[in-house]
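Below you'll find the structure, written out as structure tokens, and then a few comments.
All of the numbers you see were taken from the coordinates with simple rules; none came from a lab. Keep in mind it's a predicted model, so treat the numbers as computed, not measured. Positions of Cβ are backbone-derived with ideal geometry, glycine not excepted, and every protein chain shown enters the neighbour counts.
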Amino acid sequence: MTADNAPGGPQVVQLSGMGATPAPPEPAVTIVPGSLSFPTISQGTTSGSLTVMVTNSGNAALHITSVAVGGNNPKDFSGGNNCAGAFAASASCTINVSFAPLAAGLRSETITLTDDAPDSPQIINISGNANPAFIVGPAPGGSTSATVTAGRMAQYLLQLTPGAGYSGNVALVCSGAPMGATCQVPASVTLANGVPSPFTASVSTSGGATLPPLIRVRFEPFDGVRILVLGAFLLMLVVHRWRDENRSCVRRMALCGVLVVMVTYAAASLGGCSGGSSGAAVTPPPPVITPAGTSTIVITPTAMSATGQPLQLQPIQLTLTVN
């Protein structure tokens, strides 16, 4: 109410309002930078560490329960942090991340921060690009394809050129050789200092212009003379013992004995007469000949990263044509 000397006074003005309860204090999270992007490095090497700062920008204590790396390529990124526990208003912690790609190409991942802020969890995107640990190609004067006649050897002069900063041993295994052929490669190739390392892969094929010689198998006949002597001795014993008892029976026994000995000797001789002393010719099975056609020879490399993890490497493919 207002008092004055104006006509109609005093004047009255109606006022109204509503009281509000003050908002309770709460934590908030500010992340700088909001994402990480690593410069390009070679597969199998490790980058320098990048840092993310996490600050409690609210007016109450912030409680961080976990910091996790996840997604498609978790083994490509590693690091540590000091962000576990409670953080007062304006307090900060840091997350350190390194990039150690196990495969070539673009690699991406996320860091998930779980806490009691209203917008929890917070996501930090990280990414990096990797060049191959090494490049495979023909050595000077070499090629990844070869054409040979069955029975000859195909050779491939190749080399591995390491990417920037990569060094180590690359193990090699060869497969895919056609029937009657074998593939050989060095057990390993050492790479260092960006210097190309040459090596040779060879494929030996099978074939022949002539058949192998015949194999003679000798069949030895039984010793007929020994059998005759033994038979005669037995007959003499029989004749001597029973000659006085029955001469006709003795004659029959002698005749039977002689017949037995002759039949035995004849059978034994027939068993060995086909070979005689010269033996019989036996033809071995024909040799395996590498068939004509085109094959893909595969060389599988294996290597480890600087952190001791196996690298994801592409196989080396060679072309073999046999006429």
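What distance in nm separates the two pseudo spin-label positions at THR302 and THR321, each 7 Å out from Cα along the beta-carbon direction?
Between THR302 and THR321, the label points sit 3.4 nm apart.
For the stretch 29-131, what is the relative contact order in percent, using Cα pairs closer than 8 Å and at least 6 residues apart in sequence? Intermediate results must be reported in sequence, preceding the final value.
Numbers: 265 pairs, mean separation 37.3, N = 103.
Across the stretch 29-131, relative contact order equals 36 percent.
Work out how much length ASN82 to ALA171 would gain on full extension: take 0.36 nm times their residue separation and subtract the Cα-Cα distance, in nm to one decimal. Kindly include the intermediate steps, with their values, before the conclusion.
Numbers: separation 89, 0.36 × 89 = 32.04 nm, distance 3.96 nm.
Using 0.36 nm per residue and subtracting the Cα-Cα distance, I get 28.1 nm.
Hey, can you grab everything whose amide H is under 5 Å from the amide H of VAL29? Only 5+ residues off in sequence or another chain; H modelled, so Pro and N-termini drop out.
SER57
Starting from the Cα of ASN5, step 7 Å along the direction of its Cβ; do the same at ALA292; then give the gap between the two resulting points in nm.
A separation of 13.2 nm, rounded to one decimal place.
Quick one: what are the phi-derived ³J(HN,Hα) couplings along the stretch 293-300, Karplus 6.51/-1.76/1.60 with θ = phi - 60°, whole Hz, x for glycine and proline?
x, 10, 10, 9, 8, 10, 10, 9
Give the separation of the Cα centroids, the stretch 10-80 to the stretch 186-200, in Å.
If you average the Cα positions of each part, the centres end up 47 Å apart.
ALA61 label point, 7 Å along Cα→Cβ, cut-off 20 Å on backbone N: hits in the stretch 91-133?
The answer is 91-94, 114-120, whose backbone nitrogens lie closer than 20 Å to the label point.
Per-residue HN-Hα couplings for the stretch 74-86, Karplus 6.51 cos²θ - 1.76 cosθ + 1.60 at θ = phi - 60°, whole Hz, x for Gly and Pro?
Ordered by residue, 3J(HN,Hα) equals x, 6, 7, 10, 8, x, x, 7, 10, 9, 8, x, 9 Hz.
With a sphere of radius 15 Å drawn around the Cβ of THR40, what net charge do the other residues whose Cβ falls strictly inside it have (Lys, Arg +1; Asp, Glu -1)? Display every interim value, and only then the final one.
Values: positive: ARG107; negative: ASP76.
With Lys, Arg at +1 and Asp, Glu at -1, the neighbours total 0.
Order of 145-157, 24-36 by packing, highest average Cβ count within 10 Å first? Could the numbers behind the result be given before it?
Numbers: 145-157: 16.6, 24-36: 14.2.
The packing order, highest mean first, is 145-157, 24-36.
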